[in-house]
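Below is one structure, written out as structure tokens; the observations come after it.
The values are calculated or read from the model by the stated rules, or taken from the named source; none is laboratory data. Just so it is clear, the structure is predicted and the values come from calculations on it, not from any experiment. All Cβ positions, glycine included, derive from the backbone under ideal geometry; neighbour counts span all protein chains shown.
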Amino acid sequence: MPETIFSRIVRKEIPAKIVYEDDVSMAFHDLNAQAPVHVLVIPKRQIDSLEHATEEDANLLGHLQIVAQKVARLLNIHETGYRVVMNCGRDGGQSVGHIHYHVLGGRPLAWPPG
Ligand code: DGP
């Protein structure tokens, strides 16, 4: 599995605007923000895609969702609402091969997505 830019962000070799970090996860602002709040929540350990996650990753994936909730509260979008989404594979629009949830908010978000 080739390493991505996200592993370098985890090791703090390249800068990111980090909003939350713990032993197993990190959350930082997306470089290409699609909403007033757009944060990525990632595991520090690389899993390249949801398609390759296993039952052993279930606790970690659940943890990332709770981190997404923390991020929403930290950035004060928890009352207006937000979206937590993970892109998977080509048609899902995934461009970085290190699993991540997008936390989007700060404006009304259209549904269905494009
Ligand atoms: P996805 O397309 O779902 O794989 O989302 C990848 C996101 O990662 C995309 O919204 C842009 C963001 N991104 C890519 N490279 C960097 C980077 O070096 N730093 C930050 N902060 N975000 C990045």
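The criterion of at least 2 residues that are away from the ligand (no atom under 12 Å from the Cβ) is met by the following helices (runs of 4 or more DSSP H) wholly inside the chain: 58-74. Taken over the range 81-111, the criterion of being surrounded by 17 or more Cβ atoms within 10 Å (Cβ to Cβ) and hydroxyl-bearing (Ser, Thr, Tyr) is satisfied by TYR82, TYR101. For the range 8-60, the set of residues classified as crowded, with 16+ Cβ neighbours inside 10 Å and hydroxyl-bearing (Ser, Thr, Tyr) consists of TYR20, SER25, SER49, listed by residue number. Return yes or no: is SER7 within 21 Å of LEU61 (Cα to Cα), touching a helix residue (DSSP H, G or I) at 6+ places or on another chain (Cβ under 8 Å) and modelled with pLDDT of 95 or more? In short, no.
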